[in-house]
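The block underneath contains the structure these notes are about, expressed in structure tokens.
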Amino acid sequence: MKIATWNVNSLKVRLPQVLQWLADNPVDVLCLQETKMTDDKFPAAEIVAAGYHVAFTGQKTYNGVAILSRHPIADVVKNNPHFEDEHQRLIAGTVNGVRIICAYIPNGQSLESDKYQYKLRWLGGLHDWLAREMLAHDKLALLGDYNIAPEDRDVHDPVAWEGQVLVSAPERAAFVKMQEMKLVDAFRLFEQPEKLYSWWDYRQMGFRLNRGLRIDHILLSPALAATCSACVIDKIPRKWEQPSDHTPVIATLDLPA
DNA sequence: ATGGCGGCACAATGCCGA
């Protein structure tokens, strides 16, 4: 079973790339973030025609998340039942006995911003809800755009980024807290190439100069981590015409698909 | 020091992302 996550930065613009990527990479589950559309605009028919079930929740202009799955998606939950939030940033569903949680964690903008406080509150709410979900689901995966680079090796220039949003100590502490609840960063289960990131700024030739951050992650519960045989970042879509600034992350689980 | 790119919006510039 292969599960993946991709912040597409507008599904309206990126739908052809999503369909192309799925044709090239027929994963079992693909979590999308930043669909940036209301549910009435969601291209469900095109995705179903590509052989996927889909669950989604969106809003105008910002945010929006979706789960695409080759298998039926059960027990769909939209948003965190224990955190009041007008943003559409979270959707969960169960696929083949695996609890899939797709998250678009807030960016935070800057350490001085109200949005940063919202990000930390949001992470607190996520933690509390995750604890409950983990009790209910042995096999659980949290996939998405975390907007957190967990360690300096996940940052192209740690000195330049020091103290900035995405790398600040409180955000990293929230990531560590998820690891302390036994969620495992699938990417770090394996030897990886150095300086491999999942996001690059559109500006200043960020991708060509590999000025990136690893902020898109797949975290696995212990029962799933034990089955994980690979985790890769696929840089290919970042090279396509009119790309998202993020690129997909894929984990392979040795479970019957 | 700022914005640099890209997407979006009651549309020209401003907000937002990261």
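Just so it is clear, none of the values below were taken in a lab; they were calculated from the coordinates. This structure is a prediction, so every number in the text was calculated from the model and none was measured. Here the Cβ is made from the backbone with ideal geometry for all residues, glycine too, and neighbour counts use every protein chain on show.
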key: Label-point separation in nm, A:Lys239 to A:Glu191, each point 7 Å along Cα→Cβ   = 2.4 nm
task = Considering the options A:Leu142, A:Leu255, A:Ala226, tell which one lies farthest towards the positive end of the dipole of chain A, charges being +1 on Lys and Arg and -1 on Asp and Glu at the Cβ, about the Cα centre.
result = A:Leu255
ask   = Quick one: of the DSSP bridges fully inside chain A, what percent are antiparallel, nearest 5?
value = 80 percent
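Take each of the peptides A:141-153, A:13-25, average the number of other beta-carbon atoms within 10 Å over its residues, and list them starting from the highest. Intermediate results must be reported in sequence, preceding the final value.
Details: A:141-153: 23.2, A:13-25: 16.3.
Top of the packing list down: A:141-153, A:13-25.
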request  = Could you give me the percent of Cα pairs per 5 Å distance bin for segment A:91-173, shortest bin first, beginning at zero and ending with the bin that holds the maximum distance?
outcome  = 3, 13, 23, 20, 16, 12, 8, 4, 1
ask   = Which pairs in the list A:Lys36/A:Lys78; A:Lys195/A:Lys235; A:Lys12/A:Lys36; A:Lys139/A:Lys182; A:Lys12/A:Lys41; A:Lys119/A:Lys239 are over 19 Å apart, alpha-carbon to alpha-carbon?
value = A:Lys119/A:Lys239
task = Would you mind getting the Kirkwood hydrodynamic radius of segment A:1-83 from its Cα pairs, rounded to one decimal in Å?
result = 12.9 Å
Options A:Ala45, A:Ile215, A:Pro72, ranked by Cα towards positive dipole end of chain A, top entry (Cβ charges) = A:Ala45
key: Top positive-direction residue, dipole computed over chain A with Cβ charges, set A:Pro193, A:Gly163, A:Leu19   = A:Leu19
message = Between A:Ser10 and A:Leu209, what is the label-point separation in nm under the 7 Å Cα-to-beta-carbon projection?
response = 2.5 nm
remark   = Highest mean packing first, using Cβ neighbours within 10 angstrom, the peptides A:38-48, A:206-216 sort as A:206-216, A:38-48
ask   = Among A:197-203, A:3-9, A:83-89, how do they line up from the highest to the lowest mean number of other beta-carbon atoms within 10 Å?
value = A:3-9, A:197-203, A:83-89
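May I ask for the equivalent-ellipsoid semi-axes of segment A:184-233, computed as the square root of five times each C-alpha gyration tensor eigenvalue and listed largest first in whole Å?
27, 10, 6
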request  = Give me the orientation-averaged projected area of the Cα convex hull of segment A:45-86, in nm², one decimal.
outcome  = 3.7 nm²
message = I'd like the FRET efficiency for A:Ala74 and A:Asp201, computed as 1/(1 + (r/R0)^6) with the beta carbon distance as r and R0 of 35 Å, rounded to 0.05.
response = 0.35
key: All-pairs alpha carbon distance profile, chain A, 5 Å steps from 0, percent   = 1, 6, 14, 19, 22, 18, 13, 5, 1, 0
